[in-house]
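Below is one structure; the comments refer to it alone.
The values are calculated or read from the model by the stated rules, or taken from the named source; none is laboratory data. Computed from a prediction, not measured in an experiment: that's the story for all the values here. Note: ideal-geometry Cβ built from the backbone for every residue, glycine included; neighbour counts use all protein chains shown. Surface areas here come from the heavy atoms of the whole protein model, side chains and all, with no ligands, DNA or RNA. Shrake-Rupley method; radii C 1.70, N 1.55, O 1.52, S 1.80 Å.
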There are 2 protein chains.
Amino acid sequence: MPHPSQPGYEPESPCHYRRALEVVSSKWTVLVFYELEEGSKRYSELKKRIEGVTQKMLTQTLRQLERDGLVKRCVYPTVPQTVDYTLTTLGLTLIEPMRILHRWTEAHYDSVLQARRAYDGRLDAADGAEPDLADAANSDSD
Amino acid sequence: MPHPSQPGYEPESPCHYRRALEVVSSKWTVLVFYELEEGSKRYSELKKRIEGVTQKMLTQTLRQLERDGLVKRCVYPTVPQTVDYTLTTLGLTLIEPMRILHRWTEAHYDSVLQARRAYDGRLDAADGAEPDLADAANSDSD
DNA sequence: CCGGATCCCCAGAGATACTG
DNA sequence: CAGTATCTCTGGGGATCCGG
């Protein structure tokens, strides 16, 4: 539990939860998880498969996951050094929650995009000209 | 890549999922959700209950949630303006996934903290045990 | 009461070069 | 191969003032 000595801390406050969200919410963490879900991967393999990640970010992400006990790092003293990464048992427990969030995405992300278009459209309309009443059939499902 | 309009993002890549994560992962979004889960709240009420949030951040967060169709904003033309916010039906569908992540937190966050201490401890030990290098023991903890 | 507009600052992400 | 080190620079977030 978070320290009650913290100022502004409320027992009900989800700041604890928010910090946990940071574990999964960072940009590359999710992508790394997706790769490691399939099994151990080497650093170069991850680098190759995760489009657009820099060494710095990949290393940083992996270090954080290692520190959090979600990923295990193994170094093999081969001639050109070899390192591979694996999800720990703790890391595996996060897969299901992530899947659920993923499923939410697939089920509702279209609605989010649609809501955005509607919202932006409303803004544009209001911006361009301000009629007393919008005559457009507003498909506001809520 | 974070931005939708940015070139070089693939529709099939989990970046789609990542973008969806952004919907919930931002610092204040979760806290707003926690408040609205209990029912409609007014702006000032949210501001008062969410410790440490600035007007800018609160407004920004609410705007984004509104744009994403997760929150409904209602303005009442009372003498001092009154505005309140409510979760939409779409917003309500997100509660369950968030709860599951929350539950993961409660079940495993101790393990994460423990892993961190172990990791940091190992680093300190490795630092101290290396006499050839700097023996200045800088005990910097989390 | 609600929130837009503005200035400022610094953590963090990218790029590049170097090392064990 | 698998990182570390350093530099730069952007933009997210805080603070403050102002407007509806």
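Return one whole number: the accessible area per residue of region B:9-123 in Å², for a 1.4 Å probe.
Numbers: 5930 Å² over 115 residues.
Here the residues of region B:9-123 average 52 Å² of exposed surface.
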Area buried, chain A against chain B - accessible surface, total, 1.4 angstrom probe, square angstrom: 4700 Å²
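State to the nearest 20 debye the size of the charge dipole of region B:44-95 about its Cα centre, where the only charges are +1 on K and R beta carbons and -1 on D and E beta carbons.
Values: 8 positive and 5 negative charges, 24 e Å.
For region B:44-95, the charge dipole is close to 120 debye.
If Lys and Arg each add +1 and Asp and Glu each add -1, what is the summed charge of the other residues whose beta carbon sits under 12 Å from the beta carbon of residue A:45? Write down the numbers at each step before the final one.
Working: positive: A:41, A:42, A:47, A:48, A:49; negative: A:35, A:38, A:84.
Charge balance near residue A:45 sits at +2.
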Residue pairs, from the table B:27/B:56; A:27/B:27; A:27/B:56; A:27/A:56; A:56/B:27; A:27/B:47, whose Cα atoms sit over 18 Å apart: A:27/B:56; A:56/B:27; A:27/B:47
Point-to-point label distance, residue B:54-residue A:63, nm (Cα→Cβ direction, 7 Å offset): 2.9 nm
